[in-house]
Amino acid sequence: MKILFHSNVLLRWNTRTNHDSIVVIAAIDKILASGYEGCFTSQNLGEYWNVLTRPTDRNGFGLTSAEADDRARAIERRLILLADGVEVRREWRRLLVRYSVTGVQVHDARIAASMNVHAVRRILTFNARDFARFADIEAAHPADLARTGARE
């Protein structure tokens, strides 16, 4: 089984700077130990890169492109990329209309579309509420999995 790691999880997994990082590491360790395969999308990697390279005075990490590239490569080595394509775009458009998605939520709908196309039912995210509208997606908060485990 596969589980998608949202951008906000990837940032904390690969950064290890605060309490949330400890929770994410514990949750991912349990997930991978229970046989799940971790996944990401190009949307996740784009959001990840955005925060890594955004200036610190604009709520980013202020890394150079080379530093962001090193971190992105680490993710690409450890996780499975859910490929984009025409099917994902079609599913994304279907979800936008079906769930009346507007504004910034269109980005999460694209992630949900990729998950649907690739038959990934679970996402690890700090924003579980953002995925609640999508009937085929189960969103889990890292703190919940860190406490209980991936299969519960």
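The values are calculated or read from the model by the stated rules, or taken from the named source; none is laboratory data. Remember, it's a predicted structure, so these values are computed and weren't measured experimentally. When we count neighbours, we look across all protein chains shown, and the Cβ atoms used for this are built from the backbone with ideal geometry, even at glycine.
Key figures
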item: Matching residues, the range 40-65, being surrounded by 12 or more Cβ atoms within 10 Å (Cβ to Cβ) and acidic (Asp, Glu); result: GLU47
item: Hits in the range 100-129 - residues which are of a type in the set (A, V, I, L, M), buried (at least 16 other Cβ atoms within 10 Å of the Cβ) and in a helix (DSSP H, G or I); result: ALA109, ILE111, ALA112, ALA113, MET115, VAL117, ALA128
item: Filter pass, ALA135 being at pLDDT below 95 and either part of a loop (DSSP other than H, G, I, E, B) or in contact with a helix residue (DSSP H, G or I) (Cβ under 9 Å, 6 or more places away or on another chain) (or both); result: yes
item: Counted residues, the range 28-53 - those being aliphatic (A, V, I, L, M), in contact with a strand residue (DSSP E or B) (Cβ under 8 Å, 6 or more places away or on another chain) and touching a residue at least 40 places away in the same chain (Cβ under 8 Å); result: 2
item: Number of the condition not met by PHE126 [criteria: (1) under 11 Å from the mean Cα position of the chain (by Cα); (2) on the phi > 0 side of the Ramachandran plot]; result: (2)
item: Residue list for the range 49-99, filter: outside any helix (DSSP H, G or I), in contact with a helix residue (DSSP H, G or I) (Cβ under 9 Å, 6 or more places away or on another chain) and under 25 Å from VAL117 (Cα atoms); result: LEU79, LEU81, LEU82, ALA83, ASP84, GLY85, TYR99
item: Qualifying residue in the range 2-24 (condition: touching a Cys at 6+ places or on another chain (Cβ under 6 Å) and either in a helix (DSSP H, G or I) or of a type in the set (A, V, I, L, M) (or both)); result: yes
item: Candidates VAL104, VAL120 - the one that is more than 15 Å from the chain's Cα centre (by Cα) and either farther than 20 Å from VAL24 by Cβ or at pLDDT 95 or above (or both); result: VAL104
item: Answer from ALA146, ALA112, ALA135 - the residue that is under 17 Å from VAL9 (Cα atoms), among the small types (Gly, Ala, Ser) and free of Cβ contacts under 8 Å to residues at least 60 places away in the same chain; result: ALA112
